[in-house]
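Student: Below: one structure in structure tokens.
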Protein chains: 2
Amino acid sequence: MTKQQVLEEALNLFAHHGYENTSLAHIAKAVGIKKPSLYNHFSNKEAIFFEVLDEVVKRQIQFFEQKGSELNQDSIEDQLHDFYDIYLDYMTTSTEGMFFKRVTFFPPENFSDEIKKAFLRVEDTLTNSLIPVFEKGIEEGKLRKLPVPMLTSAFYTLIDGLFLEENFYDTDILNERKKASWEIFWLGIRHPEEA
Amino acid sequence: MTKQQVLEEALNLFAHHGYENTSLAHIAKAVGIKKPSLYNHFSNKEAIFFEVLDEVVKRQIQFFEQKGSELNQDSIEDQLHDFYDIYLDYMTTSTEGMFFKRVTFFPPENFSDEIKKAFLRVEDTLTNSLIPVFEKGIEEGKLRKLPVPMLTSAFYTLIDGLFLEENFYDTDILNERKKASWEIFWLGIRHPEEA
DNA sequence: AATCAACTAACTAACGTTTGTTAGTCTCAT
DNA sequence: ATGAGACTAACAAACGTTAGTTAGTTGATT
């Protein structure tokens, strides 16, 4: 039980302050125990981090798999836009998203390899949800006949950009950016005959 | 002279390891002096940081102003694409760019306000170089008649996305992303009659 | 039912290191 | 001879970590 609390609080603190700025004292205080007691559950600070990372990857994958399967049979545009919204919202508002952002942007020196692996694992799940949507869109003549990897690539870059911008801009400007990027992206990928 | 060296080495270290992971001992060692000697030139660590930040902002602004004025009279597409390339290259390869990335993504707790100001100052310069290009493109009928703020917004988001992705992907994948994003962006903004 | 051993999970105290910072001193140009 | 800029020495605070102790629970043995 305590162990789960530690993981939860550590996730929170890592997400908001980063790994190196989160001390064991902080974590212990958040849980309500003393610093050395952490060693009853984890062998060291790194171990806490990796368990948190693992947990976050699991949650993210589960989240995206669920959302991917929930995509209803609306128009391609709606499906993509929903995905865009959901993904962005999750990444910018959830603790897991913030943690992910922190550790993928600037991995704690040393374990950047493990983190890259984790990142790519999550991205894979996402791609698998995305590919069929694009493929169907092209088949149905709703989208330009562009290579699917090109579409997913551009889609990610869009999202990554907004993901980053969420750092500097307040909600108003961010929403404007979100809208602008989406509109131009959509103009770029939709089949020109369809209008 | 020593002071300039300190600023240069601090810039380097802050760019590669971040503010909190860079100790005064590191900086002193890089310069070739002892830690307390730093206090002959700066009142404390924060002061070093802010002088570095100031210097970086100056350099970035100068760089973009120059590049903006150098844009030749090629086609709109080439002008924009050049900008895209130059900006990305600068942000991903120069020490100043890396520093900027570090401090804007995750500002050292406390002085995030100052950093935001710096970021917006640089962005302003960039926007001023960009607006006339888009305006001319629309006038000449090369681009869709979209609101210019929408174009700049989307353009930034694109670049920000790639800027971020430079963290995880090796050159090959990154170049693929770069290409994909640009192509779809261009399809989105170019005037459909022109082809 | 009572006893004892083993385990869990908390604690206090202290470790050695690193952090940013200050005080005081020496040296060398101006 | 004055001051700038280097130095050594030392500081308190915070870091991750270890050692040793104690209380509470569980299971098996008598």
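Student: With respect to B:F106, determine if the residue is in contact (Cβ under 8 Å) with a residue 12 or more places away in the chain, more than 8 Å from chain A (Cβ to nearest Cβ) and surrounded by 21 or more Cβ atoms within 10 Å (Cβ to Cβ).
Tutor: no
Student: Could you list, in sequence order, all residues of the stretch A:1-25 that are surrounded by fewer than 17 Cβ atoms within 10 Å (Cβ to Cβ), in contact with an Asp or Glu (Cβ under 9 Å, 6 or more places away or on another chain) and in contact (Cβ under 8 Å) with a residue 12 or more places away in the chain?
Tutor: Matches in the stretch A:1-25: A:K3, A:E20.
Student: Also, quick follow-up: Within the stretch B:67-103, work out how many residues are within 14 Å of chain A (Cβ to nearest Cβ), open to solvent by 30 Å² or more (accessible area, probe 1.4 Å) and of a type in the set (A, V, I, L, M, F, W, C).
Tutor: Residues meeting the conditions: 1.
Student: Taking only the stretch B:135-163 into account, find how many residues are in a helix (DSSP H, G or I), without any contact (Cβ under 8 Å) to a residue 24 or more places away in the chain and within 12 Å of chain A (Cβ to nearest Cβ).
Tutor: Count: 7.
Student: Give the stretch B:166-195 a look and list any residue that's more than 8 Å from every other protein chain (Cβ to nearest Cβ) and in contact with a Gly (Cβ under 9 Å, 6 or more places away or on another chain), or say none.
Tutor: Result: B:R190, B:H191, B:E193, B:E194.
Student: Is there any pair linking a residue in the stretch B:30-59 that is closer than 19 Å to B:A118 by Cβ and open to solvent by 20 Å² or more (accessible area, probe 1.4 Å) to one that is assigned to a helix (DSSP H, G or I) and within 14 Å of DNA strand D (Cβ to nearest atom), with Cβ under 7 Å and at least six apart or on different chains, and which?
Tutor: If the second residue must be assigned to a helix (DSSP H, G or I) and within 14 Å of DNA strand D (Cβ to nearest atom), the pairs left are B:K45/B:L24; B:E51/B:L7; B:E55/B:L7.
Student: Can you tell me which of (1) open to solvent by 60 Å² or more (accessible area, probe 1.4 Å); (2) touching a Ser or Thr at 6+ places or on another chain (Cβ under 7 Å) is the one B:F64 doesn't meet?
Tutor: Only one criterion in (1) open to solvent by 60 Å² or more (accessible area, probe 1.4 Å); (2) touching a Ser or Thr at 6+ places or on another chain (Cβ under 7 Å) is unmet by B:F64, namely (1).
Student: Return the total of residues in the stretch B:159-182 being over 23 Å from A:G188 (Cα atoms), open to solvent by 30 Å² or more (accessible area, probe 1.4 Å) and over 18 Å from the mean Cα position of the chain (by Cα).
Tutor: 3
Student: Looking at A:D124, A:D172, can you tell me which residue is free of Cβ contacts under 8 Å to residues at least 12 places away in the same chain, acidic (D, E), closer than 23 Å to A:V57 by Cα and outside any loop (DSSP other than H, G, I, E, B)?
Tutor: Just one listed residue meets the conditions, A:D124.
The values are calculated or read from the model by the stated rules, or taken from the named source; none is laboratory data. Because the structure is predicted, anything quoted here is derived from the model rather than measured. In this analysis, Cβ positions are derived from the backbone assuming ideal geometry, glycine residues included, and neighbour counts consider all displayed protein chains. Heavy atoms of the whole protein, side chains included, go into the accessibility calculation; ligands, DNA and RNA do not. Shrake-Rupley method; radii C 1.70, N 1.55, O 1.52, S 1.80 Å.
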